[in-house]
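Quick notes on the structure that follows.
The values are calculated or read from the model by the stated rules, or taken from the named source; none is laboratory data. If you're wondering where the values come from, they're calculated on a predicted model, not measured in any experiment. When we count neighbours, we look across all protein chains shown, and the Cβ atoms used for this are built from the backbone with ideal geometry, even at glycine.
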Amino acid sequence: MIVESTWRAIRCSPSLKAFYERIMAGQKSRKKIALIATARKILTIIRAMLTTGELFNERLVSQYCYLQDYRSKSSKAKRRQLIHN
């Protein structure tokens, strides 16, 4: 069910569509990988929304999706700050 929701979110959210296309990198063979990565991103956003009690915010999602280095400590701090502010 999350995959079907992800397809819909990719069509409706410019930020998630850009994230999906960036993961896919123009290769049709990476379509499933990009879909699962986007589904995981949506689940992370849903968890943050449930934790903070915030409603969906496209601007915040776009900032969250465009962070360059996901593994560095500074990026983790930036993500926490974006999610909790």
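Residues are listed down the side, and each one gets a yes or a no for (1) of a type in the set (Ser, Thr, Tyr); (2) at negative phi; (3) modelled with pLDDT of 80 or more:
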residue: Ile2; (1), (2), (3): no, yes, yes
residue: Ala9; (1), (2), (3): no, yes, yes
residue: Ala18; (1), (2), (3): no, yes, yes
residue: Met24; (1), (2), (3): no, yes, yes
residue: Glu58; (1), (2), (3): no, yes, yes
residue: Tyr64; (1), (2), (3): yes, yes, no
residue: Asn85; (1), (2), (3): no, yes, no
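Do you know which residues across region 26-43 are without any contact (Cβ under 8 Å) to a residue 40 or more places away in the chain and either surrounded by 13 or more Cβ atoms within 10 Å (Cβ to Cβ) or not in a helix (DSSP H, G or I) (or both)?
Gly26, Gln27, Arg30, Ile33, Ala34, Leu35, Ile36, Ala37, Thr38, Ala39, Lys41 - these are the residues of region 26-43 that are without any contact (Cβ under 8 Å) to a residue 40 or more places away in the chain and either surrounded by 13 or more Cβ atoms within 10 Å (Cβ to Cβ) or not in a helix (DSSP H, G or I) (or both).
Restricting the search to region 10-25, which residues are more than 12 Å from Val61 (Cα to Cα) and either touching a residue at least 12 places away in the same chain (Cβ under 8 Å) or outside any loop (DSSP other than H, G, I, E, B) (or both)?
Once the filter is applied, which keeps residues that are more than 12 Å from Val61 (Cα to Cα) and either touching a residue at least 12 places away in the same chain (Cβ under 8 Å) or outside any loop (DSSP other than H, G, I, E, B) (or both), region 10-25 yields Ile10, Arg11, Cys12, Tyr20, Glu21, Arg22, Ile23, Met24.
Those residues that are touching a helix residue (DSSP H, G or I) at 6+ places or on another chain (Cβ under 7 Å) and part of a helix (DSSP H, G or I), I need them from region 44-58; list them, please.
Answer for region 44-58, where residues must be touching a helix residue (DSSP H, G or I) at 6+ places or on another chain (Cβ under 7 Å) and part of a helix (DSSP H, G or I): Ile45, Ala48, Thr52, Glu58.
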